[in-house]
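Scroll down for the structure; my scribbles are underneath it.
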Amino acid sequence: MSGISFKLRVTLIFALLGLVTHLLMFLSSAVFTANRAQDRFIEQAGIQADMLAGTLEHFIVDNEWDNLSRMAKRAGSTREIAAVRFIGPGDRVILDTDRFLGPMDMPWYMRMDDDFHGLKLDPLLGYVVRRPVLIDGSIVGAVLVAPDLLRLESELHRDMAVLLLMAATTFAVLVVLGWLAASGLVDRLRDLDEGAARIADGNFEHRLELRGADEISRTAHTVNRMADALLREREALEQQARTDSLSGLLNRVGLARAFRKMAKGGRGMSALHIDLDRFKLINDTRGHGAGDAVLQSVASRLRHVAPGDALVARIGGDEFAMIIEEERLGERAAELAEACIEAASRPIEFHGMKLAVGASVGIAHLPAQSQGQDADRLLADADIALYQAKEAGRGRVALFDGEARDTLERQADLEFELALGLEYGEFIPFLQPQVDALTGEVIGAEVLARWRSPSRGLLTPGAFLQSLRNPELEERITYAVRAAALDWMSRGDVGRPPTISINLSSTELTRVDCASDLDWELTMRGLSARKVSIEVLEDVVIRENDTEMERTISALRAAGHPLELDDFGTGNSGLANLVRLSVEQLKIDRSFISGLDSDRSRQAIVQAMIGIGRALNIKVLAEGVETDAERQMLLSLGCSRMQGFHFARPMDTDSFERWMTGRSAAA
């Protein structure tokens, strides 16, 4: 039944109900018709028998033959009567009319009638109605009337055929009506199903046709209401997806969609990428509530200064974008950028406080004839210009320069290669020996990073770290080189320096877990903290108010790490800071050593530095010693701890081991 269509099922149900109904009606009609016809025939036979019995009585008394014959013929001419017999005294047959049917097998539906049981079955004549004739209480004769049962059976067959034809006709009509009703119902249900399917597939604008007020129409009306609700919900979600909830401006998705519509106009466009200055400071010191208030205020001001046809969006934390159409590129963009900076720079009231931020703006243009450009690319160009504006100082406006994009793309390629290099272990430690020039003893080694690139060759940090603007990647490279150096130091003492010096950046020193992480690294390798000196750049030391950095340096010193001040003389550190941080060694920058033997000014400066170290009981090491003359001059000035090409170039760990082994053998 599951494979039969709904229309056919409905039609079959109608047909089955009609069949059962008409079968019952046919049976009841057939029985009723048979009973009525049979009653008529038998009743007529009884009436005629009663009349003829009186006539026979007169015949026997008065011998009126003509009257008897006439009455017999009249009775025989009746449709219901087949034959009549008069029997006189002594069972003598007086008169017969027509022919008796004789014994016959009657149908079951005729034998069921009660009146049929009143007939007498004569063994020779068949079924008859018998009426005795009484004179003075004695039976002197009888009348036998035979109903025409053949005619009765024929009429019944005819009536049954008519009833059957009527039943078949009405049944066929009912089936046709059922099919038509089912077709109409199925068509409406199919329309309802197809319409609901279109709505379910996302076509919420589609509506079902309403026909009348029946159950299907009410269902269609309910589906239409559901589609209305879904359409409103989708529009609300789309609006939410296109809009920044905090500022009420377009978000990046909404900006891209609006940009595509604007681009169809075929006019030139300019994009302004606006970044707030000092926003992070407000967010960190005044809380996120203040930060949100700043963003909402700036968004309102930008919307106010923007032309009516401009697209204004918030595309990041403190970043906004504005796209305008221009007949002549740059005609309005520069002036609008200055207006945005002025609007963002006005003080903002928040809970009785005045909050001040600024803005920097990058501008990029899209000529009218450009095709295939999208909002992301245009904003990316504006972002590059914004980076140039911030490089030049806050509150600036910069126009996109194609060369800057090339530079950034090269930088992106470099970062990708660096990330791959980390995965494949291409960053290795090089070590440059530190020696006591008086005794020739190796007193330590500085760990330097090298990148053994398959395509670029062996590179120093100056070739790949100076242009790197990804602090996380830089920190991972530093960690990989340091870990390799510590692993090498932990594998024995032969060919190793007494100590190694590693550099910690200001970013690492501000991490609260810097000292504990380094301590864990040493403990896992079984190394003492005294074997690992920490180099800190001079500009880090002068940050007296950086509590977290000072706490980290104190923790490193307390763990036993010697603290060295690198590139001494290039910064502005005070003597008090040297004492406060308990620096154990000053490393004179190579810029003061180059040409030291022939430059009296350099000699005076270096002598002063050596004097500071001696006065504060701090060791002094000279970097970048390349000639014997420079070595002799440093010794004459009282500095014997040296590092430079004159003694050895930086080398990988295997080469360093061989170098150390060679020195031991020579000694």
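Read-outs: derived from the displayed coordinates by stated rules, not from any lab. Predicted, not measured: the structure shown is a model, and the values here were computed from it. A quick note on method: Cβ atoms are made from the backbone with ideal geometry, for glycine too, and the neighbour counts reach across all protein chains shown.
The GluC sites (Glu not before Pro) found in region 136-237 that occupy coil by DSSP, while having at most 12 further C-beta atoms within 10 Å, are E205, E209.
Put simply, the amide H of F100, placed in the peptide plane, has no neighbours under 5 Å, leaving out anything fewer than 5 places away on its chain.
Per residue, the Cα convex hull of region 408-542 amounts to 140 Å³.
The charge dipole of the chain, taken about its Cα centre with unit charges on the Cβ of Lys, Arg, Asp and Glu (plus for the first two, minus for the last two), comes to roughly 200 debye.
Taken one residue at a time, the phi angles of region 593-600 give Karplus couplings (6.51, -1.76, 1.60, θ = phi - 60°) of 8, 4, x, 4, 5, 10, 10, 5 Hz. Gly and Pro are set to x.
Shape of region 177-263 from the C-alpha gyration tensor: prolate (a/c of 1.5 or more and a/b above b/c, with a ≥ b ≥ c the square roots of its eigenvalues). What is the angle, in °, between the Cα long axis of helix 514-525 and the longest principal axis of the Cα atoms in the chain? Nearest 10 is fine, range 0 to 90. The angle comes out near 90 degrees. Note on region 545-567 and region 293-335: Cα centroid distance 46 Å, given to the nearest whole angstrom.
Just report the Cα centroid separation between region 232-275 and region 446-506, whole Å. Computed from Cα coordinates, the inter-centre distance equals 46 Å.
Using the Cβ-Cβ distance between R79 and K120 with R0 set to 22 Å, the FRET efficiency works out to roughly 0.55. Under 5 Å from the amide H of R450 lie the amide H atoms of I428, F430, each residue being 5 or more positions distant or on a separate chain, with H modelled from the backbone and absent for Pro and chain starts.
Note that region 640-650 has calculated 3J(HN,Hα) couplings of 10, 8, 9, 8, x, 4, 4, 9, 5, 7, x Hz, one per residue in order, obtained from phi through the Karplus relation 6.51 cos²θ - 1.76 cosθ + 1.60 (θ = phi - 60°); glycine and proline are x. The number of Lys pairs in the chain with C-alpha atoms less than 21 Å apart, excluding pairs fewer than 8 positions apart on the same chain, is 5. Based on the alpha-carbon gyration tensor of region 286-423 and its eigenvalue square roots a ≥ b ≥ c, which shape applies: rounded if a/c is under 1.5, prolate if not and a/b is larger than b/c, or oblate? Oblate, because a/c is 1.5 or more while a/b does not exceed b/c. Entry for region 158-210 at q = 0.16 Å⁻¹: log10 I(q)/I(0) = -0.61, Debye formula applied to identical alpha-carbon scatterers, no solvent contribution.
How large is log10 of I(q)/I(0) for the chain at q = 0.05 Å⁻¹ when the intensity is taken from the Debye formula with one equal scatterer per alpha-carbon? So the normalised log intensities are -0.55. The fraction of all Cα pairs in region 210-342 landing in successive 5 Å bins from 0 to the largest distance is 2, 9, 15, 16, 14, 11, 8, 6, 5, 4, 4, 3, 2, 0, given as whole percents.
The loop-placed trypsin sites (Lys or Arg not before Pro) in region 219-283, going by DSSP, that have at most 11 neighbouring Cβ atoms within 10 Å of their Cβ come out as K264. For E535, the residues 5 or more places off, or on other chains, whose built amide H falls under 5 Å of its own are I502, N503, L504, E564.
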